[in-house]
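The values are calculated or read from the model by the stated rules, or taken from the named source; none is laboratory data. Source: prediction; values computed, not measured. Please note: Cβ atoms are built from the backbone with ideal geometry, for glycine as well, and neighbour counts cover all protein chains shown.
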Amino acid sequence: MRLLFKQRFFSWFDSYDIYDEYGRTMYTVKGQLAWGHCLKIFDAVGNEIGTVKERIFTFLPKFEMYMGNQYFGCISKEFSFLRPRFNIDCSGWRVEGNFLEWDYTIVDSLGHSIANVSKEIFNWTDTYVIDVHDPRDALCALMLVLAIDAEKCSRN
């Protein structure tokens, strides 16, 4: 399953549209006014299905993920030189990628690829392609990409 993640050009808060490979809207992400990033994820018909929320007052950025109102996991930036590293506490997944964080892979505890993420660099807004191997993992993979993108925005 391929998802195209595009940030909206005119938006007061972080807002994204996520399409499938056929151009159909799969998810809509809307940023909310809050201390730190708070991103609400909606399905194609407008039902809220997830949240990525930055935990404030931490030494390094940390984002909690919720499916509905249920806590699902957390992703936090680790202290490292040159290569950004993230600690993920959900499903035994981890992120492997390059130092610009534009191309990376989400893998499970056995090293099997869950999703490949690449950034298209010649666009007006942030645009990512997310290739998810199992459609059941699409929402969680999307939440991880949102958290990593929000961390990069906070850093810059």
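So the values come out like this:
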read-out: Identity of the residue in the range 34-69, surrounded by fewer than 18 Cβ atoms within 10 Å (Cβ to Cβ) and of a type in the set (Gly, Ala, Ser), that ends up nearest to Ser91 (Cα to Cα); value: Gly68
read-out: Residues located in the range 136-156, provided they are closer than 18 Å to Trp102 by Cβ, of a type outside the set (Lys, Arg) and either assigned to a helix (DSSP H, G or I) or at pLDDT 90 or above (or both); value: Ala141, Leu142, Leu144, Val145, Leu146, Ala147, Ile148, Asp149, Ala150, Glu151, Cys153, Ser154
read-out: Close pairs (6 angstrom Cβ cut-off, 6 or more residues apart or separate chains): over 11 Å from Asp103 (Cα atoms) in the range 116-135, modelled with pLDDT under 85 and surrounded by 12 or more Cβ atoms within 10 Å (Cβ to Cβ) anywhere; value: Thr125/Gln7; Asp126/Gln7; Thr127/Lys6; Thr127/Glu120
read-out: Residue that is farthest from Ala138 (Cα to Cα) [pool: residues in the range 11-68 that are among the acidic types (Asp, Glu), modelled with pLDDT under 95 and not in a loop (DSSP other than H, G, I, E, B)]; value: Glu54
read-out: Checklist (1) of a type in the set (Gly, Ala, Ser); (2) in a loop (DSSP other than H, G, I, E, B); (3) modelled with pLDDT of 75 or more applied to Ser80, failing item; value: (3)
read-out: Hey, Leu110 modelled with pLDDT of 85 or more, more than 14 Å from Ile148 (Cα to Cα) and of a type outside the set (D, E, K, R) or not; value: yes
